[in-house]
Amino acid sequence: MSLRIENLTKNYGSVKALDNFSLEVNSGEFMVLLGPSGCGKTTVVRCIAGLVDPTAGRILIGGQLVNHLAPKDRDIAMVFQNYALYPHMNIYDNIAFPLKMRKIPKEQIKDKVRNISQLLEIEKFFNRKPKELSGGQMQRVALGRALVREPKVFLMDEPLSNLDAKLRAYMRYEIRKLQQKIRITTLYITHDQIEAISMADRIAVMNNGLVQQLGTPEEVYNLPANTFVADFVGSPSMNFLKCDIIESDINNIIAGSNGTHMQLPIKNLPLKLPFESNVIIGIRPRDILFLNNEDFNGIKVKGKISFSELLGEHRLVEIKIGICESIKVATDPNLDFTIGTDVTVGMPCNKIHFFEPNTGNRLQTTDRQF
């Protein structure tokens, strides 16, 4: 069942939480709405569920306008970050509750609860109370209570926020596997870009009440639409260098950034840069290489190591370049770097992103492989 949001606006007094927000989730799709706290994600969910009345705009489920319908009549199920289980009920009754409210026959309730519990592997908890379960177990019960109704649309608002890192990783896998099995149209809300990239069919990156980019995880990560998306998606976040194009000839462009001059080989760049203008160069820390004296197809920059931090699977090294500029490099965790060491790093031409400095929008590039 598809979900379509058209020009949704929500004002809280003088504050505009949503500004002509539009999004379409295809039938059976797992869509992730990703953005920082306060960007309007939860307002979108609450409007869809009927918990908040939008100021303007339309919400359609399966092509049917639902703005005028009460929350109970929209056939939507929600899972929240705090689970919202009834503490006085055992697990069976928690899962069965929405079916009892709809006066479903007892035998049907029993069959539905048992089926969804087997799917989520929570049948053995039927006689326990929520306080006797772990966080991950309670989240699975919350999922079961939502799914047992067989809703048209499944809304999940930061459902893993209260779990520890290991359990979050496990539940990401479990939720995605479950959704692929039952194919319920799902809108998943998170501020965690790792959750978004690992779980989504498509990601809608949101900021200030608007969608900044809509695409597959690969598109959003590899071809960010603007500097906000480039900075928000990816960990460690992308490096940005504000550069002036100060010289150009048939082979190279010379760009300057706070006292650092960088030579860009024209024939290998994915776009034509205008002479006598400025540009923002973006490069992910994982794409920067440490060089010795070898030939290199890209930008070479000299600098001095100012900080080094071991982060398990990689080491994050900060390098000061120019007068007041620095870049971060994610490299081999087994390498050790002494603060103050002079180094040369390289930025491969096919890994560089270019953005317009006034708008932050991505400059159009030719097709390239990642």
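Here, each number is a calculation from the coordinates, and none is a lab measurement. Nothing here was measured: the structure is a model prediction, and the numbers come from that model. Positions of Cβ are backbone-derived with ideal geometry, glycine not excepted, and every protein chain shown enters the neighbour counts.
Here are the numbers for the structure shown:
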{"quantity": "Computed FRET value (nearest 0.05) for R102 with D231, which takes r as the C-beta separation and R₀ as 45 Å", "calculated": "0.50"}
{"quantity": "Placed amide H near T9: partners under 5 Å, 5+ positions off or other chain", "calculated": "N20, F21, T55, A56, G57"}
{"quantity": "Highest to lowest packing among 346-352, 198-204, scored as the average C-beta count within 10 Å", "calculated": "198-204, 346-352"}
{"quantity": "Two-site FRET efficiency, E313 against T338, from Cβ-Cβ distance with R₀ of 30 Å, rounded to 0.05", "calculated": "0.85"}
{"quantity": "Subset of K110/K152; K302/K328; K328/K351 violating a 18 Å alpha-carbon distance limit", "calculated": "K110/K152"}
{"quantity": "Ranked packing of 308-316, 235-243, 28-36, most packed first, by mean Cβ within 10 Å", "calculated": "28-36, 235-243, 308-316"}
{"quantity": "S277 versus E123: modelled label distance in nm, points set 7 Å from Cα along the beta carbon direction", "calculated": "6.4"}
{"quantity": "Enclosed volume per residue, in Å³, of the convex hull spanned by Cα atoms of the chain", "calculated": "171"}
{"quantity": "Difference of contour (0.36 nm per residue) and Cα-Cα distance, L210 to R286", "calculated": "24.5 nm"}
{"quantity": "Cα-Cα over 21 Å, subset of K72/K103; K100/K181; K72/K129; K72/K124", "calculated": "K100/K181; K72/K129; K72/K124"}
{"quantity": "Karplus (6.51, -1.76, 1.60) ³J(HN,Hα), θ = phi - 60°, over region 131-146, in Hz, Gly and Pro reported as x", "calculated": "5, 8, 10, 7, x, x, 5, 5, 5, 5, 5, 4, 4, x, 4, 6"}
